[in-house]
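Student: I am attaching a structure below and will ask some questions about it afterwards.
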Amino acid sequence: PGEIEAVLLRHAGIAQAAVIAREDSAGDKRLIAYVVAAPEAALPDSAALRAHVGKSLPDYMVPAAFVLLDELPLTPNGKLDRRALPAPAVAAHVPKRAARTPQEEILCALFAEVLGLAAVGIDDNFFELGGDSIVSIQLVSRARKAGLVITPRAVFQHQTVAALAAVAGALEERPSILCDVGVGALPPTPIVRWLVERGGPIERFNQAMLLQVPAGLQQDHLVAALQAIVDHHDALRLRLGVAAQGSDFFLEVLPAGTVAATACIRRIDVCALDAEARLACLVQEAQAAPERLWPATAGMLQAVWFDAGESEPGRLLLTIHHLAIDGVSWRILLPDLAAAWSAIARGEAITLVPRGTSYHGWAHRLAREAQSPARTDELSFWSAMLREPSLSLVSGALVPERDTHGSAGELTLTLPAGLTSALLTRVPAAFHAGINDVLLTGLVVAVADWCRRRGRGGDTAVLMDVEGHGREEIFPDVDLSRTIGWFTSLFPIRLDAGALDLTAAMMGNAELGRALKRIKEQLRAVKDHGLGYGLLRYLNAQTAAQLAGLPAAQIGFNYLGRFPATAADWGAAREAVKLAGADPAMALAHCIEVNALSIDSAEGPTLRATWSWARALLSEEQARDLADGWYRALEALVRHVEQPGAGGRSPCDLPLLALSQG
């Protein structure tokens, strides 16, 4: 704004100028210029002022509206009173700038597609529209399919369509990716080591999705499409074996063609069933499918097709062992499955976009990276963090034989669309933050307030385990945007909101904004989004022994990103069927766990969070109180950004300068 004001003041007809960003009725921020005419000068009209500014500044810095004032309102101490500046008489509307190049046209369409929007302009910001790190990988994958080469890091560095298009390369110009065949034995990744170290059965540990599939689907077409997917994506042929001496395990990717899709598919005729009977059938099969998974023989996938006949869409239940799939992988697998079926149905050859680096190659690279001096240098960082004092959420500790998934309490709550929409867009935009910064700030404040009310206060910091997608760009010759597998990273983080009045913060006062900036800074201080912790804790024998004896987090957090909820073929079905995940006999990893995701719908996005807890350590009333408190804190953040002056930058936004928050 200061630069725009300086340009305005160079106009002979203007004596004073002030430029601010105001929200319009749609919640979008627009630049508004307030001007005072010079003495005895005729103030030029808005068109002339717009042209004057446009000669010196780029289009996005030209104000959307110009408001003529007799004088600028001032506070008692002589400063500009921004609150007293009137809104434009007519809400200014600036049409979105349309694409100017083929690259911009592709990216405008892809931004809109992955974010569920009707249209996107070249100045629109991916993250301010509700994008996140997981959706950025989906954007990269679809851009590659459209012939553009971008990286998730580029999406973070160049957040608008125009900026990203300027750095996008054509597919044929793409640097060569590390060549690997993706087949054979591979070292377990950190998350696999974490899983096995917990002990207990893991044969049924899975992720599942219920899809709507086209009416009149033919079984041979479905089998062929699934076979193409299993042959194309190596992790779907993963085998978990036990070493000969029985003291360790190993992973192996079998060659394409060795896993037969026909053995993975079960067809059920539901044509004669009414709606209630169909739902009961879905529920029954969702519980039975994990029993047929068998990772020891590469039995990673089970598909149950509910055939509804020629005139009604059917359903397809895909249950995949978690060793072979994660939240990002579904966003790769489902479009590929739809594309494979569509080609078969048209009588054409199946052509799937090649993957980049294989899961096999990534695992080997991680094993070597864990021994590198740059990673071992991180040991002091993680050790110091875990030794620092933090809030104690519950008394007692988990007992693996007692505290299992089968005995855990569970609660699912949904934040309304209006609040979720603002939470995903306006709050991160105001603080130049990511959605995880916002969600974790709300969680830390809510936990601190919950502990205070239960007499467990003292420290203000919360030690938690946070899950990330794990596909970090730590190697220049690795591309994971089209690779399926379990890449999840899990790392501890001690987040301290600072000394604040918790009661006032839960109401949305200025202290809540300061807390968000503090937590944003703490999260940015973690290198590679915490990937190094897993390498040191599970893949390096020397550092693993040191980290294993340090305090562990009592609460775990995972945000899975945004998912569409439209009922369309090869998309998520509308039935609310509980899909099994962990084996009931598996031990809980945390006393309290939060798994959240945003679901897009016609009414707008909603934030859905599932809380689980060890019943021996926490009552349902206490768990619900904490869950409600988190949503109250998130609502307080939405209220906070509506206040004048809310938001702003923090030091990590300006890495070339040595600045404190003050």
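The values are calculated or read from the model by the stated rules, or taken from the named source; none is laboratory data. Treat the numbers as computed from the prediction; the structure is a model and nothing was measured. When we count neighbours, we look across all protein chains shown, and the Cβ atoms used for this are built from the backbone with ideal geometry, even at glycine. Accessible surface is based on the protein model in full, side chains and every heavy atom, while ligands, DNA and RNA are left aside. Shrake-Rupley method; radii C 1.70, N 1.55, O 1.52, S 1.80 Å.
Student: Starting from the stretch 481-501, keep only residues that are acidic (Asp, Glu), then list their pairs with residues that are outside any strand (DSSP E or B) whose Cβ atoms are within a distance under 8 Å, requiring at least 6 positions of separation or different chains.
Tutor: Correct list of pairs: ASP496/VAL444; ASP496/THR460; ASP496/ARG518; ASP496/ILE519; ASP496/GLN522; ASP501/ASN509; ASP501/GLU511.
Student: Could I ask something else about it? Looking only at the stretch 296-318, which residues are more than 17 Å from ALA568 (Cβ to Cβ), in a loop (DSSP other than H, G, I, E, B) and of a type in the set (Asp, Glu)?
Tutor: Correct list: GLU310 only.
Student: Let me ask something else. Looking for whichever is touching a Ser or Thr at 6+ places or on another chain (Cβ under 7 Å) and charged (D, E, K, R) here; the options are GLU593, GLU575. Which one fits?
Tutor: On the way: GLU575 fails: touching a Ser or Thr at 6+ places or on another chain (Cβ under 7 Å).
On inspection, the qualifying residue turns out to be GLU593.
Student: For the stretch 543-552, indicate whether the set of residues that are polar (S, T, N, Q) and in contact with a helix residue (DSSP H, G or I) (Cβ under 7 Å, 6 or more places away or on another chain) is non-empty.
Tutor: Checking the stretch 543-552: at least one residue is polar (S, T, N, Q) and in contact with a helix residue (DSSP H, G or I) (Cβ under 7 Å, 6 or more places away or on another chain).
Student: Could you tell me whether ARG562 is touching a residue at least 60 places away in the same chain (Cβ under 8 Å), under 30 Å from ALA308 (Cα atoms) and either assigned to a loop (DSSP other than H, G, I, E, B) or open to solvent by less than 50 Å² (accessible area, probe 1.4 Å) (or both)?
Tutor: Yes.
Student: Select from the stretch 489-501 the residues that are assigned to a loop (DSSP other than H, G, I, E, B) and open to solvent by 20 Å² or more (accessible area, probe 1.4 Å) and write down the one among them that is farthest from ARG193 (Cα to Cα).
Tutor: Among those residues, the one meeting the criterion is ASP501.
Student: Output the number of residues of the stretch 37-68 satisfying the condition of being open to solvent by 60 Å² or more (accessible area, probe 1.4 Å) and in contact with a Lys or Arg (Cβ under 9 Å, 6 or more places away or on another chain).
Tutor: Within the stretch 37-68, residues that are open to solvent by 60 Å² or more (accessible area, probe 1.4 Å) and in contact with a Lys or Arg (Cβ under 9 Å, 6 or more places away or on another chain) number 3.
Student: Here is a follow-up. Any residue in the stretch 184-209 that is surrounded by fewer than 17 Cβ atoms within 10 Å (Cβ to Cβ) sitting within a Cβ distance under 8 Å of a residue that is of a type in the set (Val, Ile, Thr) and part of a loop (DSSP other than H, G, I, E, B)? List the pairs, counting only those 6 or more apart or interchain.
Tutor: Sorted first by the residue in the stretch 184-209, then by its partner, the pairs are VAL196/ILE202.
Student: Just checking, which of ASP403, ASP377 is more than 26 Å from the chain's Cα centre (by Cα) and either small (Gly, Ala, Ser) or open to solvent by 50 Å² or more (accessible area, probe 1.4 Å) (or both)? Walk me through it before giving the result.
Tutor: Details: ASP403 fails: either small (Gly, Ala, Ser) or open to solvent by 50 Å² or more (accessible area, probe 1.4 Å) (or both).
Result of the check over ASP403, ASP377: ASP377.
Student: Hey, does the stretch 340-357 have a residue that's in contact with an Asp or Glu (Cβ under 6 Å, 6 or more places away or on another chain), open to solvent by less than 10 Å² (accessible area, probe 1.4 Å) and hydroxyl-bearing (Ser, Thr, Tyr)?
Tutor: yes
Student: Exactly one of (1) crowded, with 16+ Cβ neighbours inside 10 Å; (2) at pLDDT below 90; (3) closer than 27 Å to ILE134 by Cα is unmet by ALA567. Its number?
Tutor: It is condition (1) that ALA567 fails.
Student: Scanning the stretch 139-152 for residues that are β-branched (Val, Ile, Thr) and either at pLDDT below 85 or part of a loop (DSSP other than H, G, I, E, B) (or both), which turns out most open to solvent (accessible area, probe 1.4 Å)?
Tutor: Just the residues of the stretch 139-152 that are β-branched (Val, Ile, Thr), to begin with: 140, 149-151.
Cutting the leftovers down to either at pLDDT below 85 or part of a loop (DSSP other than H, G, I, E, B) (or both) gives us 150-151.
Details: ILE150: 15, THR151: 55 Å².
Per the criteria, the residue is THR151.
Student: Hey, another quick one. Hey, VAL19 hits all of (1) touching a Gly at 6+ places or on another chain (Cβ under 9 Å); (2) touching a residue at least 40 places away in the same chain (Cβ under 8 Å); (3) open to solvent by 50 Å² or more (accessible area, probe 1.4 Å); (4) of a type outside the set (Ser, Thr, Tyr) but one; which does it fall short on?
Tutor: With respect to (1) touching a Gly at 6+ places or on another chain (Cβ under 9 Å); (2) touching a residue at least 40 places away in the same chain (Cβ under 8 Å); (3) open to solvent by 50 Å² or more (accessible area, probe 1.4 Å); (4) of a type outside the set (Ser, Thr, Tyr), VAL19 is out only on (3).
Student: Could you grab me the full set of residues in the stretch 448-471 that are part of a strand (DSSP E or B) and either without any contact (Cβ under 8 Å) to a residue 24 or more places away in the chain or open to solvent by 10 Å² or more (accessible area, probe 1.4 Å) (or both)? Can you show your working first?
Tutor: Residues of the stretch 448-471 part of a strand (DSSP E or B): 461-468.
Answer for the stretch 448-471, where residues must be part of a strand (DSSP E or B) and either without any contact (Cβ under 8 Å) to a residue 24 or more places away in the chain or open to solvent by 10 Å² or more (accessible area, probe 1.4 Å) (or both): LEU463, ASP465, GLU467, GLY468.
Student: If you take the residues of the stretch 120-138 that are outside any loop (DSSP other than H, G, I, E, B) and in contact with a Pro (Cβ under 8 Å, 6 or more places away or on another chain), which of them is most open to solvent (accessible area, probe 1.4 Å)?
Tutor: SER133
Student: Ok, one more. Only one of ARG615, ARG608, ARG624 is among the basic types (Lys, Arg) and part of a loop (DSSP other than H, G, I, E, B); which?
Tutor: Numbers: ARG608 fails: part of a loop (DSSP other than H, G, I, E, B); ARG624 fails: part of a loop (DSSP other than H, G, I, E, B).
Result of the check over ARG615, ARG608, ARG624: ARG615.
Student: Condition first: in contact (Cβ under 8 Å) with a residue 40 or more places away in the chain, part of a helix (DSSP H, G or I) and open to solvent by 20 Å² or more (accessible area, probe 1.4 Å). Now tell me which residues in the stretch 502-512 satisfy that.
Tutor: Selection gives LEU502, THR503, ALA510.
Student: Related question: How many residues, within the stretch 413-431, are crowded, with 19+ Cβ neighbours inside 10 Å and assigned to a loop (DSSP other than H, G, I, E, B)?
Tutor: Selection size over the stretch 413-431: 1.
Student: Going by the conditions given, is ARG624 modelled with pLDDT of 95 or more, open to solvent by 60 Å² or more (accessible area, probe 1.4 Å) and within 30 Å of ALA510 (Cβ to Cβ)?
Tutor: Yes; evaluated as a whole, the condition is true for this residue.
Student: If I filter the stretch 517-539 for residues that are surrounded by 22 or more Cβ atoms within 10 Å (Cβ to Cβ) and not in a helix (DSSP H, G or I), do I get at least one hit?
Tutor: Within the stretch 517-539, one or more residues are surrounded by 22 or more Cβ atoms within 10 Å (Cβ to Cβ) and not in a helix (DSSP H, G or I).
Student: Could you tell me which of the residues ARG315, ARG368 is within 29 Å of the chain's Cα centre (by Cα) and farther than 24 Å from ALA208 by Cα?
Tutor: Of the residues listed, the single one that is within 29 Å of the chain's Cα centre (by Cα) and farther than 24 Å from ALA208 by Cα is ARG368.
Student: Another question, then. Among the residues of the stretch 51-60, is there at least one that is touching a strand residue (DSSP E or B) at 6+ places or on another chain (Cβ under 8 Å), in contact (Cβ under 8 Å) with a residue 60 or more places away in the chain and either of a type in the set (Lys, Arg) or farther than 25 Å from GLY604 by Cα (or both)?
Tutor: No: the stretch 51-60 contains no residue that is touching a strand residue (DSSP E or B) at 6+ places or on another chain (Cβ under 8 Å), in contact (Cβ under 8 Å) with a residue 60 or more places away in the chain and either of a type in the set (Lys, Arg) or farther than 25 Å from GLY604 by Cα (or both).
Student: Sticking with this structure for a sec: Check SER481 against each of (1) under 22 Å from ALA596 (Cβ atoms); (2) under 16 Å from the mean Cα position of the chain (by Cα) and name the one condition it does not meet.
Tutor: Answer for SER481: the failing condition is (1).
Student: Given the options GLU276, GLU291, name the one that is open to solvent by 30 Å² or more (accessible area, probe 1.4 Å) and either touching a His at 6+ places or on another chain (Cβ under 9 Å) or touching a residue at least 24 places away in the same chain (Cβ under 8 Å) (or both).
Tutor: GLU291
Student: Since LYS578 meets every condition but one in (1) over 25 Å from LEU282 (Cα atoms); (2) open to solvent by 70 Å² or more (accessible area, probe 1.4 Å); (3) in a loop (DSSP other than H, G, I, E, B), which condition does it not meet?
Tutor: (1)
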